[in-house]
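K.L.:
Pasting a structure below so you can have a look.
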Amino acid sequence: MTSPDGDRYAGFPPGFFERADDLPDAVFYAPPRLVTHIDDAAIAAVGRLYAALGIDGSAPGPRRVLDLMSSWVSHFATPPAELVVLGMNADELAANPAATERLVHDLNADPRIPLPDADVDAVVCCVSIDYLTRPIEVLADAGRVLRPGGTLAVTYSNRCFPTKAVRGWLATDDEQHGVVVAELVRRAGAFGEPRVELRTPPGVGDPLYAVTATRLG
Ligand SMILES: C[S@@+](CC[C@H](N)C(=O)[O-])C[C@H]1O[C@@H](n2cnc3c(N)ncnc32)[C@H](O)[C@@H]1O
């Protein structure tokens, strides 16, 4: 397989979105992992990012947010009024205290998000984009479920489950990851120009990078 969907992935090297462990994700994610995947400073940086973007519960007005590829923590300093969490493990999602709705759904088996059009004000995806084998389809569908003017926030660090991350992620560095994620967001076709930024102090602890974009109206 050179690319998951022909021209949509043109220019990415052959095998970029393949993985060492190509078993169904339900196998790897069957045991709950009630752990954190980045250090406390990086987690705090995620919360500050969401507050700065005005998508958490500290912003005026109700907020309905989708946390894609979620687990037992969603890293909001102040959770939004409604938080839909989508991930692979029901026990992890059940343990998420900020969640108001829980969806167990494999985005690699089916990149369509089981929510209606324009259903949420923001979509976040924390330290997980590297596990998607069809990321453009998933990001395009994130655009579908986002209301016009809504916010997309994809964050990443430098740690991963190496057998489940796509090979292209493992072969590229932090800076290149920003270029890759921004290009995936562009190719999703639903967003304005993405912004890439490092949200933690350089060289201290786990880095936290953010790629953010606005749903076109
Ligand atoms: C490194 S953890 C990050 C969890 C959480 N976002 C966080 O910040 O702690 C990766 C998450 O991606 C989710 N995930 C992995 N593959 C997935 C897939 N194919 N479809 C949906 N979620 C997936 C898993 O359920 C897991 O919770």
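K.L.:
How much accessible surface area, in Å² rounded to 10, belongs to the heavy atoms of residue 131 with a 1.4 Å probe?
P.N.:
Here the residue's solvent-accessible area equals roughly 20 Å².
K.L.:
Further question on the same structure: For the stretch 120-176 and the stretch 18-96, what is the separation of their Cα centres, given in Å?
P.N.:
Between the Cα centre of the stretch 120-176 and that of the stretch 18-96, the gap is 12 Å.
K.L.:
Now for a different question. If every alpha-carbon in the stretch 157-217 counts as one equal scatterer, what log10 I(q)/I(0) does Debye give at q = 0.21, 0.22 1/Å?
P.N.:
With one equal scatterer per Cα and no solvent, log10 I(q)/I(0) is -0.90, -0.95.
K.L.:
Turning to a different aspect of this structure: Bin width 10 Å, origin at 0, all Cα-Cα pairs of the chain: what percent of pairs per bin?
P.N.:
9, 36, 41, 14, 1
K.L.:
Return the loop-located trypsin sites (Lys or Arg not before Pro) in the stretch 15-50 (DSSP other than H, G, I, E, B) with at most 15 other Cβ atoms within 10 Å of their own Cβ; answer none if there are none.
P.N.:
33
K.L.:
Hey, any idea what Rg/Rh is for the stretch 82-164, computing Rh the Kirkwood way over Cα pairs?
P.N.:
Ratio value, two decimals: 0.94.
K.L.:
Looking at the chain, send over the antiparallel percent of its DSSP beta bridges, to the nearest 5.
P.N.:
35 percent
K.L.:
Just round it to a whole percent: the fraction of Cα-Cα distances in the stretch 34-77 exceeding 15 Å.
P.N.:
45 percent
K.L.:
Oh, and also: Can you tell me the length gained on complete extension of the stretch residue 100 to residue 36, counting 0.36 nm per residue apart and subtracting the Cα distance?
P.N.:
Gain on stretching residue 100 to residue 36: 21.0 nm.
K.L.:
Of all the accessible heavy-atom surface of the chain, with the other protein chains kept in place and a 1.4 Å probe, what percent is carbon and sulfur?
P.N.:
56 percent
K.L.:
At a 1.4 Å probe radius, which order do 37, 75, 177 fall into by accessible area, largest first?
P.N.:
Sorted by accessible area, descending: 37, 75, 177.
K.L.:
A further question follows. Counting only Cα, what are the radius of gyration and maximum Cα-Cα distance Dmax of the stretch 61-130, in Å?
P.N.:
11.3, 35
K.L.:
Would you please name the GluC sites (Glu not before Pro) within the stretch 120-217 that are DSSP coil residues with at most 16 other C-beta atoms within 10 Å of their C-beta?
P.N.:
Those that pass, being in a loop and sparsely packed, number zero.
The values are calculated or read from the model by the stated rules, or taken from the named source; none is laboratory data. Bear in mind that the values here come from a model prediction, so they are computed numbers and not experimental data. Cβ: placed from backbone, ideal geometry, glycine included. Neighbour counts: every protein chain shown. What goes into the accessible areas is simple: the full protein's heavy atoms, side chains included, and nothing from ligands, DNA or RNA. Shrake-Rupley method; radii C 1.70, N 1.55, O 1.52, S 1.80 Å.
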